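Here the structure is laid out as structure tokens; the discussion comes afterwards.
The values are calculated or read from the model by the stated rules, or taken from the named source; none is laboratory data. Everything numeric here is computed off the predicted structure, so don't read it as measured data. Cβ placement follows ideal geometry from the backbone for every residue including glycine, while neighbour counts extend to all protein chains displayed. Surface accessibility is based on the protein's heavy atoms, side chains included, excluding ligands, DNA and RNA. Shrake-Rupley method; radii C 1.70, N 1.55, O 1.52, S 1.80 Å.
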Amino acid sequence: MSAHEQSITLARHAARAAADKLAEDIVALDVSERLALTDVFLIASAPTERQVNAIVDGIEEELLKQNLRPVRREGRSEGRWVLLDYADIVIHVQHAEDRVFYALERLWKDCPVVDLELGDAAQANTTAAGESEA
């Protein structure tokens with residue numbers, strides 16, 4: 001069983017909002033076969049705490065337009081790793097250093113990647129961010 005289409009659509013909206021705030025390395029993983037609690041993990045990062053919080057604000061504003069509020073929000077005050085739980089998707093916005101350290105993609109590497117359909121501009125931003133770390 002794979003993620004519901006509604007969850008994938010929600011992840012795409014959140015990913016576009018994150019990309020609009022210059023989030024780096026935006027990735028969505030279909031965790032529905034591994035976790036009963038949620039369908040998709042959306043992971044994004046930023047180089048500063050301030051930008052992490054700006055990305056979180058952008059995502060929340062976008063999803064609020066669809067009358068969606070997170071069930072739970074953690075880490076907002078520190079701005080290092082903010083978790084937004086929308087039940088169907090869980091969004092992780094991490095400081096770039098924390099993302100490397102915790103390596104969520106490695107932990108969930110056996111889960112399929114969701115195509116976020118971000119387009120060329122967001123893909124270029126994500127690719128450029130990845131290349132600068134190499």
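Quick check: at a probe of 1.4 Å, how many percent of the accessible area of the chain sits on carbon and sulfur atoms?
Here it works out to 51 percent.
Give the range of the longest stretch in the chain that excludes all GluC sites (Glu not before Pro) found in loop regions by DSSP and having at most 16 other beta-carbon atoms within 10 Å.
Working: sites that count: 33, 78, 117.
Here the longest segment lacking exposed loop sites spans 34-77.
Accessible area per residue of the stretch 2-111 at 1.4 Å probe, in Å²?
51
Label point 7 Å out from residue 74 along Cα-to-Cβ: which residues of the stretch 22-38 have amide N under 16 Å?
36-38
Positive end of the dipole of the stretch 1-114, charges at C-beta (+1 Lys, Arg; -1 Asp, Glu), about the Cα centre: which of 6, 81, 31 has its Cα farthest in that direction?
81
Restricting things to alpha carbons, tell me how big the chain is in terms of Rg and Dmax, in Å.
For the chain, the Cα-based Rg and Dmax read 13.5, 39 Å.
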